[in-house]
Amino acid sequence: MDQTAPGESLSEQEVADRYPWPDDQPWVRAMMVTTLDGAAAGPDGLSGSVSSSADQLVFNAVRRYADAVLIGAQTIRAEQYSPMKAKPEDAARRAEAGQSPAPVIAVVTGSLDLPWQLPVWSESTNRPIVITRETADPERLATARQHADVLTLPALTPDHIIDALVGRGLRRIVCEGGPSLLRDLLAADRVDEADITLSATFSGTEHSPVTTALPEVKSFRLVQVLEQDDFLMTRHLGQGR
């Protein structure tokens, strides 16, 4: 198992190198932060209030060489996502890997009730993707197409969602939640890696969404632990990965 020594500090690039992507296959990573009492958010209902600079370093490192950042509608509404923009320092490495200059944000929504006023739609390097059902409301579909590339699927199942992204050449996928989307991906065995930060905080679970139980427990194996500022950034691989 890879781990940092007590007090060891890693640079942004060193952290990125600790989170490699496979070269030859689709790969879905789940990212989340959890407090010592199992909360996914602080009293303000946001994950940032239980995060830290060390956690954000890992968060940004995992995103750097991703193809797509996959989220649910409630997550983009709550977290008020910023534009996904290309970074000059990543241009050469992304180009060498055959990637576009920046990750594309992909939002899963059945209702198409999205915060269209956010600059993430108009200021991202790549046009965002909205993933919805073929039976979605026509007027809302028309609105969505003004802001994003829209993928309409027979059903919003994990297999349909991931296969649609991979079909567009987006093989390196980071799922940043919310909990219901992550739960469904886990139930369908579509999560290859879980990058989980244990936040050195307590906050209470009032603002953390409750998800239905999985049909069976999903086991992952621990392969890496990074420690900084009393936060533990862990990396786990799914069975058979």
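The values are calculated or read from the model by the stated rules, or taken from the named source; none is laboratory data. Remember, predicted model here, so these are calculated numbers, not experimental data. We place every Cβ from the backbone using ideal geometry, glycine too, and count neighbours over all the protein chains shown.
In the stretch 14-29, the residue that is modelled with the lowest pLDDT out of those that are surrounded by 13 or more Cβ atoms within 10 Å (Cβ to Cβ) and not hydrophobic (A, V, I, L, M, F, W, C) is 14. For the stretch 202-241, the set of residues classified as of a type in the set (D, E, K, R) and assigned to a strand (DSSP E or B) consists of 221, 227, 235, listed by residue number. Enumerate the pairs (first residue in the stretch 191-203 and over 17 Å from residue 53 (Cβ atoms); second residue anywhere and part of a strand (DSSP E or B) and β-branched (Val, Ile, Thr)) with beta-carbon separation below 6 Å, excluding pairs fewer than 6 apart on the same chain, so at least 6 apart or on different chains. Hits for this filter: 191/28; 192/28; 196/234. For the stretch 90-137, the set of residues classified as in a helix (DSSP H, G or I) and not small (Gly, Ala, Ser) consists of 90, 93, 94, 96, 120, 121, 123, listed by residue number.
Count of the stretch 96-117 residues, restricted to those that are farther than 14 Å from residue 147 by Cβ, modelled with pLDDT of 95 or more and either touching a His at 6+ places or on another chain (Cβ under 6 Å) or surrounded by fewer than 14 Cβ atoms within 10 Å (Cβ to Cβ) (or both), is 1. Taking the criterion of being surrounded by 11 or more Cβ atoms within 10 Å (Cβ to Cβ), within 19 Å of the chain's Cα centre (by Cα) and more than 20 Å from residue 174 (Cβ to Cβ), the only residue of the stretch 201-241 that qualifies is 208. Restricting the stretch 165-178 to residues that are surrounded by 17 or more Cβ atoms within 10 Å (Cβ to Cβ) and assigned to a helix (DSSP H, G or I), the residue that is farthest from the chain's Cα centre (by Cα) is 166. Screening the candidates 63, 140, 145 for the property of being under 24 Å from residue 185 (Cα atoms), among the basic types (Lys, Arg) and either touching a strand residue (DSSP E or B) at 6+ places or on another chain (Cβ under 9 Å) or in a strand (DSSP E or B) (or both) yields one hit, 63.
For the stretch 148-164, a residue qualifies if it is outside any strand (DSSP E or B), β-branched (Val, Ile, Thr) and closer than 15 Å to residue 134 by Cβ, and the qualifying residues are 157, 161.
Can you pull out the residues in the stretch 204-237 that are more than 19 Å from residue 9 (Cβ to Cβ) and in contact with a Leu (Cβ under 9 Å, 6 or more places away or on another chain)? Steps first, answer last, please.
Kept after step one, since they are more than 19 Å from residue 9 (Cβ to Cβ), are these residues of the stretch 204-237: 204-223, 236-237.
Correct list: 207, 211, 214, 218, 220, 221, 222, 223, 236, 237.
Here residue 33 fulfils each of the conditions (1) in a loop (DSSP other than H, G, I, E, B); (2) surrounded by 22 or more Cβ atoms within 10 Å (Cβ to Cβ) apart from (1).
Checked against (1) farther than 30 Å from residue 122 by Cβ; (2) surrounded by fewer than 20 Cβ atoms within 10 Å (Cβ to Cβ); (3) under 19 Å from the mean Cα position of the chain (by Cα), residue 193 passes all but condition (2).
Are any of the residues in the stretch 88-95 modelled with pLDDT of 95 or more, of a type in the set (A, V, I, L, M, F, W, C) and either more than 26 Å from residue 192 (Cα to Cα) or surrounded by 14 or more Cβ atoms within 10 Å (Cβ to Cβ) (or both)? No, the conditions are met nowhere in the stretch 88-95. Among the residues here, residue 65 qualifies as closer than 28 Å to residue 232 by Cα and in contact with a Phe, Trp or Tyr (Cβ under 8 Å, 6 or more places away or on another chain).
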